[in-house]
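Read through the structure below, which is laid out as structure tokens, and then see the notes.
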Amino acid sequence: MISYNDVLEISKFYKYKQYDKVLSLTTKKIPSNNVIDFFQKCISERFVEESDCIKLQIDKKELLVYKKDFLKDLPPYEETIYPIDGYHITIGYPNVDLILPASCIKKIQHENTILDINTADYNNIPLSLVKKCMPHIKRFIKQLNTTYIYHVTTKYNSRFTYNKDIIIHIIYLCFVQNYTTLLEQQLLLMKQFNFTYQDFNFITPSMIADYLKLIQKSLNKHEQPSH
Amino acid sequence: MNNLLTKFKDIYTATVKIPDGDEITINKLNVDFQSSLQTEIEDSNNDYTAVLKYILYVNRHICSLHRDYNFTYKDKLFLIDYWISDISSIEPEKLNLHLIDELKDSQLELQLDKSPVLINFIQPNILQENKILEFLLDQKEDESGRMHVIFFDVFRFIHSMKIGEQLFLIENLSISEFFELFKLLSVSHLRQISEKLTTMLQDVGSVRELEADITAFY
């Protein structure tokens, strides 16, 4: 779950251009097996209600991106085993924590020994073996790159490319909010409504938005002149 | 450790004889090399800074193979060619590295405001290259650019410059003094030096290109 405090932290890193921290914190909070798994989880976190949308400013107008239009044409996860250089190598879609072609390699089998690759293991894979896998890796990357970051209409769309900057941009679209506003809301809830800082580790931004709506409604009711 | 990881570690070391030194044991390149390289260059403000950072990264990797040996330019080109060939699973080509030895016997004469300038060349070594690279990367980011790459690529090969009757031995100059000398030269002078080096090192031109190609190990 991405909590209010997580969004606060991600937004702070983004505001101060600490983009690597944006990526590392988000991938830590949303553990995933691959980029597709990661994006699907981002979508679930970002679009909770039917009416949830991402608002973009394009051509001086507001473009609303709903769940159905976001990360459109994201392929379903799949992997294939290829015999390469005496090994049986399982290749699939890449990861988000190691943004390199090598992260498409998921498993290496040699006779009866199987290596299920985790992040630390990647570093030991020889580049000569990665190079031999490249024709198959390219197929997966090519397919992944048919995804749209968003596709609202044929005029208003943005294509995805598998690289670090684009992944950080997607995290920005999903989770970055105005840092000062987030802090103000948090302070208000702590000061006036007895929330503790720790509470925000267990509450999503969407729930906080609901609380604030109720508070606003209550305040409006009390401000109405009595008859 | 998984048997396959042990196998990778075992079979991906090699013993090679470097051109200006003895046999050394080297690790063939793995994803860690690529990943650290990516981290090293990704925040570069421009392509030229990325190139300088890439060269420094490869140089430092080479230095780490044998801490008490000062690798020469010939050693460096040999290792780059060896690694690239290994990654591509092709036999390393027979590099004509001996022509780099001929640099020390070559000269170039230029005219600087009616004063003759005589330039003598030398084979660079990696420690000297690293000093130049660290100096350049330490300059203000907005000042780095194409000229810094040219400065690096030209001046690492210069042994001395005689301007009029005054002889400047590069090894006696600090990099910043060296850089001031460079600024005295016009684009035309730089082109002449660069063309001289390109012609002399033509036979190893393809490896020299890889030396500055940030995509070479991808």
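Results, tabulated for the structure shown:
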| read-out | value |
| --- | --- |
| Unique match (being facing chain B (nearest Cβ under 8 Å), within 23 Å of A:D37 (Cα to Cα) and at pLDDT 90 or above) among A:I89, A:I108 | A:I108 |
| Looking only at region A:111-133, and only at residues there that are among the aliphatic types (A, V, I, L, M) and more than 7 Å from chain B (Cβ to nearest Cβ), the one that is farthest from B:Q34 (Cα to Cα) | A:I114 |
| Which numbered condition A:K60 fails, given (1) in the same structural domain as A:N178 (by TED's automatic domain parsing); (2) among the basic types (K, R); (3) under 29 Å from B:W83 (Cα atoms) | (3) |
| Strands (runs of 3 or more DSSP E) wholly inside region A:87-172 that include at least 2 residues being more than 19 Å from B:I11 (Cα to Cα) | A:87-92, A:105-110, A:148-151, A:157-159 |
| Condition broken by A:N157, with the remaining ones in (1) over 16 Å from the mean Cα position of the chain (by Cα); (2) at the interface with another protein chain (Cβ under 9 Å from one of its Cβ atoms) satisfied | (2) |
| Count - residues of region B:161-182 that are under 17 Å from B:E109 (Cβ atoms) and loosely packed, with under 12 Cβ neighbours inside 10 Å | 2 |
| Failed item, numbered, when B:L173 is tested on (1) free of Cβ contacts under 8 Å to residues at least 40 places away in the same chain; (2) closer than 21 Å to B:Y57 by Cβ; (3) of a type in the set (A, V, I, L, M, F, W, C) | (2) |
| Residues of region A:114-146 that turn out to be surrounded by 20 or more Cβ atoms within 10 Å (Cβ to Cβ) and either outside the structural domain of A:L100 (by TED's automatic domain parsing) or hydrophobic (A, V, I, L, M, F, W, C) (or both), as a count | 10 |
| Residues of region A:98-119 satisfying the condition of being closer than 15 Å to A:T27 by Cβ and either touching a Pro at 6+ places or on another chain (Cβ under 9 Å) or without any contact (Cβ under 8 Å) to a residue 12 or more places away in the chain (or both) | A:L100, A:S103, A:N118 |
| Members of region A:51-61 that are surrounded by fewer than 10 Cβ atoms within 10 Å (Cβ to Cβ) and farther than 16 Å from A:S206 by Cβ | A:Q57, A:D59, A:K60, A:K61 |
| Tally, over region B:17-29, of residues that are surrounded by 17 or more Cβ atoms within 10 Å (Cβ to Cβ) and more than 14 Å from chain A (Cβ to nearest Cβ) | 3 |
| Enumeration of residues in region A:72-86 that are away from chain B (no Cβ under 14 Å) and part of a loop (DSSP other than H, G, I, E, B) | A:K72, A:D73, A:L74, A:P75, A:P76, A:Y77, A:E78 |
| Positions within region A:92-105 being within 11 Å of chain B (Cβ to nearest Cβ) and among the β-branched types (V, I, T), in sequence order | A:I99, A:I105 |
| Scan of region B:2-21 for residues that are under 30 Å from A:T119 (Cβ atoms) and within 29 Å of the chain's Cα centre (by Cα), ordered by number | B:K9, B:I11, B:Y12, B:T13, B:A14 |
| Filter pass, A:H222 being touching a residue at least 12 places away in the same chain (Cβ under 8 Å) and out of contact with any helix residue (DSSP H, G or I) (no Cβ under 9 Å at 6 or more places or on another chain) | no |
| Failed condition for A:R159, given (1) closer than 22 Å to A:G92 by Cα; (2) modelled with pLDDT under 95; (3) not small (G, A, S) | (2) |
| Criterion: exposed (fewer than 15 other Cβ atoms within 10 Å of the Cβ) and either free of Cβ contacts under 8 Å to residues at least 12 places away in the same chain or not basic (K, R) (or both) - qualifying residue of A:K21, A:K68 | A:K68 |
| Odd one out for B:R146 among (1) in contact with a helix residue (DSSP H, G or I) (Cβ under 6 Å, 6 or more places away or on another chain); (2) within 14 Å of chain A (Cβ to nearest Cβ) | (2) |
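One line per residue, one yes/no per condition, for (1) in contact (Cβ under 8 Å) with a residue 24 or more places away in the chain; (2) polar (S, T, N, Q); (3) within 14 Å of chain A (Cβ to nearest Cβ); (4) buried (at least 16 other Cβ atoms within 10 Å of the Cβ):
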{"residue": "B:D10", "(1), (2), (3), (4)": "no, no, yes, no"}
{"residue": "B:V31", "(1), (2), (3), (4)": "no, no, yes, yes"}
{"residue": "B:S36", "(1), (2), (3), (4)": "no, yes, yes, no"}
{"residue": "B:I55", "(1), (2), (3), (4)": "yes, no, no, yes"}
{"residue": "B:L65", "(1), (2), (3), (4)": "yes, no, no, yes"}
{"residue": "B:T72", "(1), (2), (3), (4)": "yes, yes, no, yes"}
{"residue": "B:W83", "(1), (2), (3), (4)": "yes, no, yes, yes"}
{"residue": "B:I90", "(1), (2), (3), (4)": "no, no, yes, no"}
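The values are calculated or read from the model by the stated rules, or taken from the named source; none is laboratory data. Because the structure is a prediction, the values reported are computed rather than measured. In this analysis, Cβ positions are derived from the backbone assuming ideal geometry, glycine residues included, and neighbour counts consider all displayed protein chains.
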